[in-house]
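Okay, so here's the structure we're looking at.
The values are calculated or read from the model by the stated rules, or taken from the named source; none is laboratory data. The structure presented is a predicted model; accordingly, all values stated were derived computationally and were not measured. Using ideal geometry, Cβ is built from the backbone for each residue, glycine included, and neighbour counts are taken over all protein chains shown. Accessible surface is based on the protein model in full, side chains and every heavy atom, while ligands, DNA and RNA are left aside. Shrake-Rupley method; radii C 1.70, N 1.55, O 1.52, S 1.80 Å.
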Amino acid sequence: MAVAAAPTTDAAVRPMTAEERKVIIASSAGTVFEWYDFYLAGSLAANISQNFVPGTNETAKFIFVLFGFAAGFAVRPFGALVFGRLGDLIGRKYTFLVTMTIMGIATFAVGLLPGYETIGYAAPVIFIICRLAQGLALGGEYGGAATYVAEHSPHGRRGFYTSWIQTTATVGLFLSLIVILTLRLSMSPEDFARFGWRIPFLVSIVLLGFSIWIRLQLNESPAFKKMKEEGTASKAPLKEAFGRWDNAKIALIALLGGTAGQAVVWYTGQFYALFFLTQTLKLDGTTANLCIALSLLIGTPFFVFFGWLSDKIGRKWILLFGCLIAAATYFPIFGQIAKVGNPKLIEATNNVKVTLTADPATCGSLFDPVGVRTFTSPCDVIRRTLATASVHYDLAAGPAGSPLKATVNGTDVSIPDTDKTGASVLAAAQTAGYPKPGDPSILKTPSFGTVLTDSRGLQMIGLLTILIIFVTMVYGPIAALLVELFPTRIRYTGMSLPYHIGNGWFGGFLPPTAFAIVAASGNIFSGLWYPIIVALGTFVIGLIFLPETKDRDIFKYDGDGPSGRA
């Protein structure tokens, strides 16, 4: 007997059923756990770099960890292909049980992994392997959870139902920050640096057990059951989804006109903002995490709001407007974040003029997104030192063969032969007004009580919340849109790849790429050009090519034609 799979339009006005609520809670809980695991590496990047990465260049070590973090993103599309195919062949439920197990084991292994001082280069290598395993797992998890919930959703409420899945990435990040903050506030900084940072990874094994138990209570998607019973399942979902131009074209439009812009807005508003606070503005980790966590708490309900709104006015326009408004306001918002977080830095940027004059032949590119280059030219070494300290500099061309000359507000800086790092130039810039690490003018709110009673802390939370609302605009409707673009027979595969290329590559590589741009240019805001250009590109492409999907019946055409649609 065929399983009923397509709720009628009348279902859009009835209350959510107990079974639908169970599906959303179980799917969301498991996905929150996977995002929690995945984002620990980003939230604890500084601790990981100290334990697993050799060397003394803190910027290079930090960028290496960012790329270790991004390695998980790099393989997400491959996970989408592997597990998307399985999900379309054997079912949604069992596939995302497998992905969740892989994620939990890899995360637990990071918590147990000895440091570089104990096992040498095996430490960073094993860390990267664990990140790759996490990325593969996440590549299969999200598409399965979004598809599973969408295929249980009434027509006309799909945006609202799937928006709960959209909260999971932010809730997972929020959960990871809360666990980290609780540990930071309950032990000394020395104890946290020595062993406390490992605890969030280790407790994931408990979350894994709970998530597996709750998902075992679920039944297979009714749409998948119906497809199996009618014999319309795809025998080769990868070939059908991407080997046929009519389907591959949809995936390409979904990527360039949807998920690429969504991804850069998501990662700018959450991860890049966090790294901007700690690495550029030099806020301590506790203050930065508190501000981000509270902004996430305020902003998260808007995922559901924009998902609900997309059922009323459409997915496309909310997504594209989110990309446009983010691109138009990033520079003023991050400028205000910098003024609130480190006012002395911005004052110095405006009033202290640091100029390096050198033979252009001796100044190379500082673009080093993987943190493996060694710089030997005095011009490159000094520029790298200034960029690490968030000191804005101008580079002027000198005569061929001339030695490097540094000036601060027009006064020559003497650079001793013993200065191999540019410390003398940095010291001169700091004497002229640039703040040193730990400067009392830098925002510092070491507890929930202080951040909520500090006017600057409240301003920071407000600015970060605006960024989170941009995130919710682009991310709230995206699951429903992607599900509606593809038929049941190739839905898991078809939606997963553009989502994970967008979020894994365009988004996942945003933080290290943006910081590498900053290091190369000497301007602390120049990294914002990357998300702005991508978001504007998505706006233009989506405006022209992306269809509106909110009124599509995702069950109607499953059995028609070779691709599932007539």
Legend entry - Residue match in segment 536-557 (condition: over 22 Å from Phe276 (Cβ atoms), at pLDDT below 90 and crowded, with 19+ Cβ neighbours inside 10 Å): yes
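Here's the yes/no breakdown for (1) modelled with pLDDT of 95 or more; (2) farther than 19 Å from Leu510 by Cα; (3) in a helix (DSSP H, G or I):
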| site | (1), (2), (3) |
| --- | --- |
| Val265 | yes, no, yes |
| Lys282 | no, yes, no |
| Thr286 | no, yes, yes |
| Phe305 | yes, yes, yes |
| Leu309 | yes, yes, yes |
| Ala326 | yes, no, yes |
| Tyr330 | yes, no, yes |
Legend entry - Positions within segment 437-469 being among the small types (Gly, Ala, Ser), surrounded by 13 or more Cβ atoms within 10 Å (Cβ to Cβ) and either touching a Lys or Arg at 6+ places or on another chain (Cβ under 7 Å) or under 19 Å from Gln336 (Cα atoms) (or both), in sequence order: Gly457, Gly462
Inset, instruction - Could you grab the pairs with beta carbons closer than 6 Å, sequence gap of 6+ or different chains, first residue in segment 25-38 and open to solvent by less than 10 Å² (accessible area, probe 1.4 Å) and part of a helix (DSSP H, G or I), second one of a type in the set (S, T, N, Q) and modelled with pLDDT of 85 or more? - result: Thr31/Thr168; Trp35/Thr168; Tyr36/Ser176; Asp37/Thr107; Asp37/Ser204; Phe38/Gln134
Legend entry - Members of segment 127-154 found to be touching a helix residue (DSSP H, G or I) at 6+ places or on another chain (Cβ under 7 Å) and either open to solvent by 10 Å² or more (accessible area, probe 1.4 Å) or among the basic types (Lys, Arg) (or both), listed by number: Ile128, Cys130, Arg131, Leu132, Ala133, Leu136, His152
Inset, instruction - Within segment 134-162, track down each residue that is out of contact with any Ser or Thr (no Cβ under 9 Å at 6 or more places or on another chain) and either within 19 Å of Phe96 (Cα to Cα) or of a type in the set (Asp, Glu) (or both). - result: Gly135
Legend entry - Tabulated pairs, segment 454-473, first at pLDDT 95 or above, second among the polar types (S, T, N, Q) and surrounded by fewer than 21 Cβ atoms within 10 Å (Cβ to Cβ), C-beta under 6 angstrom, 6+ apart or interchain: Leu463/Gln336
Inset, instruction - Go through the residues of segment 348-366 one by one and say whether even a single one is among the aliphatic types (A, V, I, L, M), open to solvent by less than 20 Å² (accessible area, probe 1.4 Å) and in a helix (DSSP H, G or I). - result: yes
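Results for (1) among the polar types (S, T, N, Q); (2) open to solvent by 20 Å² or more (accessible area, probe 1.4 Å), shown as yes or no for each residue.
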site: Thr170; (1), (2): yes, no
site: Val179; (1), (2): no, yes
site: Pro189; (1), (2): no, yes
site: Pro200; (1), (2): no, no
site: Val206; (1), (2): no, yes
site: Gln217; (1), (2): yes, yes
site: Phe224; (1), (2): no, no
site: Met227; (1), (2): no, no
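Here's the yes/no breakdown for (1) over 15 Å from the mean Cα position of the chain (by Cα); (2) surrounded by 24 or more Cβ atoms within 10 Å (Cβ to Cβ); (3) under 22 Å from Thr488 (Cα atoms):
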residue: Arg244; (1), (2), (3): yes, no, yes
residue: Ser295; (1), (2), (3): yes, yes, no
residue: Phe303; (1), (2), (3): yes, yes, no
residue: Trp308; (1), (2), (3): yes, no, no
